[in-house]
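Student: Here it is: the structure, laid out below.
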Amino acid sequence: MLTVYSEDCRAHHGRAELNEGQLVPCFENPSRTDMVLDRLRAVDLGEIVAPRDFGEGPLRAVHDDGFVDFLKTCWADWTAAGRDWDAIPFTFGKRGMRNDRVPQDIDGRISFYGMDAGTPITAGTWTAATAAANCALTATEQVAGGLRAAFAACRPPGHHAAADYYGGYCFLNNAAIAAQAARTNGAQRVSILDVDYHHGNGTQTIFYDRDDVQFLSLHADPTVEYPYFLGHADETGAGAGEGFNHNFPLPWGTDWARYEEALTEALRRIRGYRPDVLVVSLGLDTFENDPISKFRLSSDRYPQLGALLAGLKVPTVFVLEGGYAVEALGTNAVGVLQGFEDA
Ligand SMILES: [Zn+2]
């Protein structure tokens, strides 16, 4: 399988994130893709190529212009305020407050566009986020050109980023950008299957009122898990998008048997939709030893997951999302891809 990877994805490296009331080293860091690349090379899965630069057009096809401009200039504005440490918001708009006026001050703007205090912006964030999007776009282009599948081994991840906010370690929504590009380039219907442990709130929001992109997410129940404010089963889409959004919230402790049941139902709905392209938001934080998650999938299940996805027989773009058990991340991510290839 073809892999697309850029060294620029290493440029984003936050010092610390707020976790359980403490500043701790960032779980989402460059060692993640290092592990995936090491494993890809160890098993010789296929060629690894650098992405092409698609410019800002495909980013702005999914994201709000003001938001993209903010991401681009945030670090310069932050350092201009005399700071050389990570940029993190400290206040969040609440019920009854205004959300139609973007503050001018950098602390106000970062709070307007930021979703949480776990996602620092650093000197290299824009470089890495755009490189990640280019990886996803290049993989999509290759699949459109006839490949059965391609893998964007990118970071930072994307699925928590919506049209106009970032968070959950995500800045630009790589999977959504890939899906939109596939549509722009002629695919009639695109399915996005999000198998990350956390709900893909950003992706859901972006396509919620559309019927040309189906979104399905298997994730920990937001009643007890981040992102808390989206991801329930009764969120089924709006307007033209009614019936094209499918959430499968699962309890803490979910094992393979329970997971496979939900996955089987998700795959059934994808078959019914008959997509031209499948984008997989490939999170590996469903792994039993993930440090921030509470599902119980063992490493030997990931090839099975890949084989089930291959059974759809749809051209497939894999986009790396979460997964923080760094030592096992390579094995698990590549396990999915090998299972897909061998099916
Ligand atoms: Zn996750």
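Coordinate-derived values only; no laboratory data. Since the model is a prediction, treat every value here as computed from it, not as a measurement. Cβ: placed from backbone, ideal geometry, glycine included. Neighbour counts: every protein chain shown.
Student: Residues of segment 297-326 with the amide nitrogen closer than 19 Å to a label point 7 Å from the Cα of residue 255, along Cα-to-Cβ, please.
Tutor: Answer for segment 297-326: 297-305.
Student: Please find, in a Gaussian network model of the chain (springs between Cα atoms separated by less than 10 Å), the residue of 128, 80, 163 whose mean-square fluctuation is greatest.
Tutor: Largest GNM mean-square fluctuation: 80.
Student: On to the next question. At 7 Å along the Cα-to-beta-carbon direction for both residue 41 and residue 212, put a label point, then send me their distance in nm to one decimal.
Tutor: In this crude spin-label approximation the distance works out to 4.1 nm.
Student: Using Stokes-Einstein with the Kirkwood hydrodynamic radius over Cα pairs, what translational diffusion coefficient do you get for segment 1-69 at 25 °C and a viscosity of 0.890 mPa s, in µm²/s rounded to a whole number?
Tutor: Values: Rh = 15.0 Å.
Stokes-Einstein gives a translational diffusion coefficient of 164 µm²/s.
Student: For segment 139-269, state what percent of all Cα-Cα pairs lands in each successive 10 Å bin, counting from 0 Å until the bin that includes the largest distance.
Tutor: Result, from short to long distances: 13, 42, 37, 8, 0 percent.
Student: Moving on. I need the semi-axes of the equivalent ellipsoid of the chain: take the C-alpha gyration tensor, multiply each eigenvalue by 5, square-root it, list largest first in whole angstrom.
Tutor: Details: eigenvalues 161, 95, 85 Å².
Semi-axes from the Cα gyration tensor: 28, 22, 21 Å.
Student: Still on this structure: Per residue, how much space in cubic angstrom lies within the convex hull of the C-alpha atoms of segment 60-194?
Tutor: Numbers: hull volume 16.1 nm³, N = 135.
Given the Cα convex hull of segment 60-194, per-residue volume reads 119 Å³.
Student: Given the Cα-Cα distance of residue 123 and residue 34 and 0.36 nm per residue of separation, how much length would full extension add, in nm? Don't jump to the answer; show the numbers that get you there.
Tutor: Working: separation 89, 0.36 × 89 = 32.04 nm, distance 2.00 nm.
Length gained between residue 123 and residue 34: 30.0 nm.
Student: Could you tell me what fraction of 2.2 N^0.38 Å the Cα radius of gyration of segment 256-343 comes to, as a two-decimal ratio? The partial results should precede the final answer.
Tutor: On the way: Rg = 12.7 Å, N = 88, 2.2 N^0.38 = 12.1 Å.
Ratio of Rg to 2.2 N^0.38 Å for segment 256-343: 1.05.
Student: Dividing the Cα convex hull volume of segment 91-162 by residue count, how many Å³ per residue is that?
Tutor: Values: hull volume 9.4 nm³, N = 72.
Here the figure is 131 Å³ per residue.
Student: In degrees from 0 to 90, rounded to the nearest 10, what is the angle of the helix 174-184 Cα long axis to the longest principal axis of the chain?
Tutor: Computed tilt is about 70 degrees.
Student: Expressed in nm to one decimal, what extension gain is obtained for the pair residue 61 and residue 189 from 0.36 nm per residue of sequence separation less their Cα-Cα distance? Don't skip to the answer; put the middle values down first.
Tutor: On the way: separation 128, 0.36 × 128 = 46.08 nm, distance 1.68 nm.
Here the answer is 44.4 nm.
Student: In whole angstrom, note down how far apart the Cα centers of segment 141-176 and segment 203-235 are.
Tutor: Cα centroid of segment 141-176 versus Cα centroid of segment 203-235: 16 Å apart.
Student: For residue 1, what is the net charge nearby, where nearby means another residue's Cβ is under 10 Å from its Cβ and Lys, Arg count +1, Asp, Glu -1? It would help to have the intermediate numbers written out before the result.
Tutor: Numbers: positive: 148; negative: 47, 341.
Surrounding charge for residue 1 is -1.
Student: Let me ask you something else. Please compute P(r) over all alpha-carbon pairs of segment 45-140, binned at 10 Å starting from zero, and give each bin as a whole-number percent.
Tutor: Here the calculated profile for segment 45-140 is 14, 40, 30, 13, 3, 0.
Student: How much of the calculated P(r) for segment 59-112 lies past 16 Å, in percent of all Cα pairs? Intermediate values should be presented prior to the final figure.
Tutor: Numbers: 664 of 1431 pairs.
Every Cα pair in segment 59-112 considered, those over 16 Å come to 46 percent.
Student: Would you mind computing, in nm to one decimal, how far apart the modelled labels at residue 98 and residue 50 are, each placed 7 Å from Cα along Cα→Cβ?
Tutor: 4.6
Student: Something else now. Using only Cα atoms, figure out Rg for segment 197-260 and give it as a multiple of 2.2 N^0.38 Å. Can you show the working numbers first?
Tutor: Working: Rg = 11.7 Å, N = 64, 2.2 N^0.38 = 10.7 Å.
Segment 197-260 yields a ratio of 1.10.
Student: Hey, quick one: spin label on residue 72, modelled 7 Å out along Cα-Cβ, who in segment 109-129 has an amide N within reach, i.e. under 17 Å?
Tutor: Under 17 Å, as judged by backbone N against the label point of residue 72, lie 124-129 of segment 109-129.
Student: Sort by residue number and report every cysteine in the chain with no other cysteine beta carbon within a distance under 4.7 Å.
Tutor: 9, 26, 74, 170
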